[in-house]
Amino acid sequence: MLTGGPAELSRRGFLFATAVLAAACVRSAPGGRVRLASGERGGLYLAFAELVAKQLQTRFPDIGVDAISTEGSIDNLAQLRSGDVDLGLALADVAERDLATGPAGTAPLAVARVYENYLQVVVRDSASVRGLTDLEGKRVSIGPAGSGALATSEVLFEAAGLRGRVDMRRYRLHDGLVGLADGGVDALVWSGGVPTPAISELNAKVPLRMLDIGPLAAPMAQTSGYPYLVRQVPTGDYVPPGLRSIGVPNLLLCRHDIGADVVAAVVDILATDAPQLVPPYVRGLQYLDPPSMIQTGLAPLHPGAIHAYQQLHG
């Protein structure tokens, strides 16, 4: 988790300066139907979204929540901009790119930083592949067009000098794993929690192995301008001891015109019900405490979130 510093102090000052505006928007009893865009079945986005939906409905019975399965970050950002969903999860690097390139008037706002994804490059354990450069000329599933995995994969392979030298297949997680099992693809790139349930399920039948891509964090940052970080990955399942990966925070975002009361309710359950929101099989970093939740990078916080954090801090 991040420690305090000038950026955090500035962020706190921003929270205090805008709290009055947010308070005027918040009602005492939030209600209505909320659509939460998540990710593919078998991944952590959907599992997390379903837990958030359950806890939100438990704590705030007047709010109905639908956790929507999607292709991932890019898809979620597009649906937030169009107003088709109210809340959505996205990788921070993909969200910042969308913020920089999309229309300002429909840009999603941040509710919280929630947990960290690991960029995973997975091969069969029996494969001769030991590093990313060994994938030159091979078939790699990088995720569908609407996924954050695809966007970050492109940065990864460019930073490794493999742009145009890998046969990239835009498969969903399930289809990519089928290909990995039957030899249709040589590797799968996925961005998610460790272990990812669907990958663990295949690993129980066909032993898999995650590759160490830690040394590529700096080249990826130089290529994209986003500050990718090296992370030690918890050992277990398909993760060998001592393995390093690339860490990317996940943001919970909302459409720009959503009611501040609903956003405040979401912040409340994220901050106070954290143990109920982390699937028991997941290991690694999560940020479900207010000082970490407000660290949303370049994505500005929604006024309802600002007010909620002010209330939490007293």
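The values are calculated or read from the model by the stated rules, or taken from the named source; none is laboratory data. The model shown is predicted, which means the values in this text are computed figures rather than measured ones. Glycine gets a Cβ as well: all are built from the backbone with ideal geometry, and neighbour counts include every protein chain shown. Areas reflect the complete protein model, heavy atoms only, side chains present, ligands, DNA and RNA absent. Shrake-Rupley method; radii C 1.70, N 1.55, O 1.52, S 1.80 Å.
At a glance:
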item: Degrees between helix 73-82 axis and first principal axis of the chain (Cα, 0 to 90, nearest 10); result: 30
item: Interchain or long-range residues, amide H under 5 Å from N117's placed H; result: V248, N250
item: The chain: angle of helix 148-159 to the longest principal axis, Cα-based, in degrees nearest 10; result: 50
item: 0 to 90° range, to nearest 10: angle between helix 92-101 axis and the chain longest Cα axis; result: 70
item: Neighbourhood net charge (9 Å Cβ-Cβ; Lys/Arg +1, Asp/Glu -1) for A198; result: -1
item: Rounded, prolate or oblate (a/c below 1.5 giving rounded, otherwise prolate when a/b exceeds b/c) for the stretch 194-310 by Cα gyration tensor; result: oblate
item: Segment E201-E50, extension gain: residue separation times 0.36 nm, minus the distance between their alpha carbons; result: 52.4 nm
item: Positive minus negative residues near G247 (Lys, Arg vs Asp, Glu; Cβ under 9 Å); result: 0
item: Whole-percent carbon and sulfur share, accessible surface of the chain, 1.4 Å; result: 54
item: Sorted peptide list for 263-269, 98-104, criterion being average Cβ within 10 angstrom, highest first; result: 263-269, 98-104
item: Centroid-to-centroid separation of the stretch 202-239 and the stretch 257-294 [C-alpha atoms, Å]; result: 25
item: Euclidean distance between Cα centres, the stretch 69-88 to the stretch 123-193, Å; result: 24
item: Packing-based ranking, highest mean first, of 60-72, 294-306 given that Cβ atoms within 10 Å are counted; result: 294-306, 60-72
item: The stretch 154-241 shape via C-alpha gyration tensor axes, a/c threshold 1.5; result: oblate
item: Accessible surface, the stretch 40-145, averaged per residue in Å² (probe 1.4 Å); result: 36
item: Mean separation of Cα contacts under 8 Å (6+ apart) over length of the stretch 97-251, as relative contact order %; result: 33
item: Label-reachable residues, the stretch 60-75, where backbone N falls under 17 Å from a point 7 Å from T272's Cα toward its Cβ; result: 60-63
item: Prolate/oblate/rounded call for the chain, Cα gyration tensor, a/c under 1.5 rounded; result: prolate
item: Estimated 222 nm signal from helices in the chain, with DSSP H stretches of n ≥ 4 weighted -39500 (n - 2.57), rounded to 500; result: -11500 deg cm²/dmol
item: Two-site label geometry, S126 and R59: point separation in nm, points 7 Å out along Cα→Cβ; result: 4.8
